[in-house]
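The values are calculated or read from the model by the stated rules, or taken from the named source; none is laboratory data. None of these values were measured; they are calculated from a predicted model. Counting neighbours? That spans all protein chains shown, and the Cβs are built from the backbone with ideal geometry, glycine included. Please note that ligands, DNA and RNA were not included when accessible areas were found on the heavy atoms of the full protein model with its side chains. Shrake-Rupley method; radii C 1.70, N 1.55, O 1.52, S 1.80 Å.
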Amino acid sequence: MGSNVAIIGTGYVGLTTGACLSHLGHNVVCADVIAEKVESLSRGEVPILEAGLDELVAEGISEGRLSFVLGAQNAVGEADFVFLCLPTPQGADGAADLSFIKAAATQIGPYLRPGAAVINKSTVPVGSAGEVAKKLGRDDVHVVSNPEFLREGTAVSDFLNPDRVVIGADDPEVAKRVASLYEALPGETLITDPASAETIKYASNAFLATKISFVNAMAAVCEEVGADVVDVVRGMGLDQRIGDKFLVPGPGWGGSCFPKDSHALVRIAENNGYQFGLLRSVIATNEEQFGRVANKIARFVGGNVEGKTVAVWGLTFKAHTDDLRDSPSLNIINRLLEVGAIVRAYDPAVEPGTSDSRLDGIEIAADLYEATAGADVLAVLTEWPEFIEADFAKVGESIASRSVVDARNLLDATALKDLGFEYDGIGRS
Ligand code: UGA
């Protein structure tokens, strides 16, 4: 018999969690505050690009284990487990803004079943479990931290094949009950106190961001000393203590999590009397990387991009998602637009005519070749597989100047050079 679960918030995390828990046999009611979203989800229409999610939502609805309602209070009445999956955006001072979480806790408090567990899946500062408990105003309800480790684009498979499930609870019995929701899944379950679980989430994201900034800094060194970062990473990665994951150099890290969470951890540390200089440097190195890529593009057009047309392939913060939040590509493009470049971009997940203020000033092309026609330089900024398959002979026919900045080290540099392209990657000799 499945458990009764409520999910508050149907963003990437909430919808994936709800659909996957219903797939595992639980009865799931998901709540959102946007009526149209609730209606379209009830029809099985998934508003985000996430591999496998449409199928799981359709399965849950048709088997009667997944439904959507408007308003958090309407989801929780029967639930033994209530997951808070709400945004925790970066506030003005870098700290996470808990207002959505607190408002939801205040709202659901009176409607919860006695003995229910309220579970924080959102990334929240250490100590938030206590804050949520206060807002719930219920002595008979437990607050548990259960951070998520889902990557956008592979969230469903990450959920169903976790490296670990982390549960932070003061009461071991409650922790066991929450763990039972996941018992069908592989991977280790780690039970801790709430503060440690909350910290594990920040530490994990900050460490992954550190790896990427490290490799991007090493790529800069490689360029200076004539080494090839791809070989360097292969050589490092064969050391089992290091491994090769999250050591792929690129245009810098972005997305809805790493930037927000790394700033929040700096702030948490500082508020508690520790200056996290290492993490500050990781963030600064990332900003530097955006600038380095923009400079590479400028270099190919003689140092000044004013009036030059830059073709860009890739707008999303990485491939296999349609998410533009804190995209390194947009950061780099904005640096170019600020100094007068004309930017024409193609992304398989962004339709021409898309209305989104983040795309202001960018011409959106319908395909790869429309983006490059007449361009003075091409910049590859996300790693969509279709860019690897591109016909560069065809690109060469209409591009004004045969030069490519490959910020994902995606393309075959030798083949491009054979076609007469100038090529610059990240950290390549
Ligand atoms: C990240 C974490 O990987 C998840 O474990 C976590 O659950 C999630 O944040 C979250 O906190 O919700 P996500 O933001 O979806 O997931 O994206 P990642 O795949 O981690 O990529 C983040 C950024 O790093 C992207 O801009 C990506 O292109 C870049 N990256 C990643 C690199 O430049 N090199 C790499 O080797 C890996």
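The number of residues in region 356-377 that are outside any strand (DSSP E or B) and either over 23 Å from the mean Cα position of the chain (by Cα) or more than 15 Å from residue 316 (Cα to Cα) (or both) comes to 13. Scanning region 47-56 turns up at least one residue that is assigned by TED's automatic domain parsing to the domain that holds residue 140, open to solvent by less than 70 Å² (accessible area, probe 1.4 Å) and acidic (Asp, Glu). Look at (1) free of Cβ contacts under 8 Å to residues at least 40 places away in the same chain; (2) crowded, with 20+ Cβ neighbours inside 10 Å; (3) assigned to a loop (DSSP other than H, G, I, E, B) and you find that residue 318 fails only one, number (1).
Scanning region 201-229 for residues that are closer than 30 Å to residue 124 by Cα and over 17 Å from the mean Cα position of the chain (by Cα) gives 214, 215, 216, 217.
Checked against the criterion of being hydrophobic (A, V, I, L, M, F, W, C), open to solvent by 60 Å² or more (accessible area, probe 1.4 Å) and within 30 Å of residue 170 (Cβ to Cβ), the candidates 207, 276, 214, 246 yield just one match: 207. Within region 233-243, the residues that satisfy the criterion of being within 14 Å of the ligand (Cβ to nearest atom) and either open to solvent by 60 Å² or more (accessible area, probe 1.4 Å) or closer than 13 Å to residue 429 by Cβ (or both) are 234, 242. Name the single residue that is surrounded by the fewest Cβ atoms within 10 Å (Cβ to Cβ) among those in region 409-426 being of a type outside the set (Val, Ile, Thr) and outside any loop (DSSP other than H, G, I, E, B). Residue satisfying both the conditions and the ranking: 418. Here residue 72 passes the criteria (1) within 20 Å of residue 146 (Cβ to Cβ); (2) more than 28 Å from the chain's Cα centre (by Cα); (3) not polar (S, T, N, Q) except the one numbered (2). Yes or no: region 195-203 includes at least one residue that is open to solvent by 50 Å² or more (accessible area, probe 1.4 Å), under 30 Å from residue 3 (Cβ atoms), among the acidic types (Asp, Glu) and more than 10 Å from the ligand (Cβ to nearest atom). No, region 195-203 contains no residue that is open to solvent by 50 Å² or more (accessible area, probe 1.4 Å), under 30 Å from residue 3 (Cβ atoms), among the acidic types (Asp, Glu) and more than 10 Å from the ligand (Cβ to nearest atom).
Hey, any hits in region 352-371 for a residue that's acidic (Asp, Glu) and under 17 Å from residue 406 (Cα atoms)? No; the residues of region 352-371 include none that is acidic (Asp, Glu) and under 17 Å from residue 406 (Cα atoms). Selection of region 253-273 for residues being among the small types (Gly, Ala, Ser) and either at negative phi or open to solvent by 10 Å² or more (accessible area, probe 1.4 Å) (or both) yields 254, 256, 262, 264, 269, 273.
Per-residue answers, yes or no, for (1) of a type in the set (Val, Ile, Thr); (2) in contact (Cβ under 8 Å) with a residue 40 or more places away in the chain:
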{"site": "7", "(1), (2)": "yes, yes"}
{"site": "16", "(1), (2)": "yes, yes"}
{"site": "33", "(1), (2)": "yes, no"}
{"site": "37", "(1), (2)": "no, no"}
{"site": "42", "(1), (2)": "no, no"}
{"site": "61", "(1), (2)": "yes, no"}
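For region 378-408, the candidate set comprises residues that are in a loop (DSSP other than H, G, I, E, B) and open to solvent by less than 30 Å² (accessible area, probe 1.4 Å); within that set, the residue that is nearest to residue 228 (Cα to Cα) is 407.
Listed conditions (1) surrounded by fewer than 19 Cβ atoms within 10 Å (Cβ to Cβ); (2) within 16 Å of the ligand (Cβ to nearest atom); (3) part of a loop (DSSP other than H, G, I, E, B) are all met by residue 303, apart from (2). Being out of contact with any helix residue (DSSP H, G or I) (no Cβ under 7 Å at 6 or more places or on another chain), assigned by TED's automatic domain parsing to the domain that holds residue 389 and modelled with pLDDT of 95 or more is a property that residue 235 has. Every condition in (1) open to solvent by less than 70 Å² (accessible area, probe 1.4 Å); (2) hydroxyl-bearing (Ser, Thr, Tyr); (3) over 28 Å from residue 225 (Cα atoms) holds for residue 357 except the one numbered (1). Taken together, 177, 164 contain a single residue that is among the basic types (Lys, Arg), crowded, with 18+ Cβ neighbours inside 10 Å and at pLDDT 95 or above, which is 177. Of 148, 223, 183, all but one fail to be within 16 Å of the ligand (Cβ to nearest atom) and among the charged types (D, E, K, R); the exception is 148.
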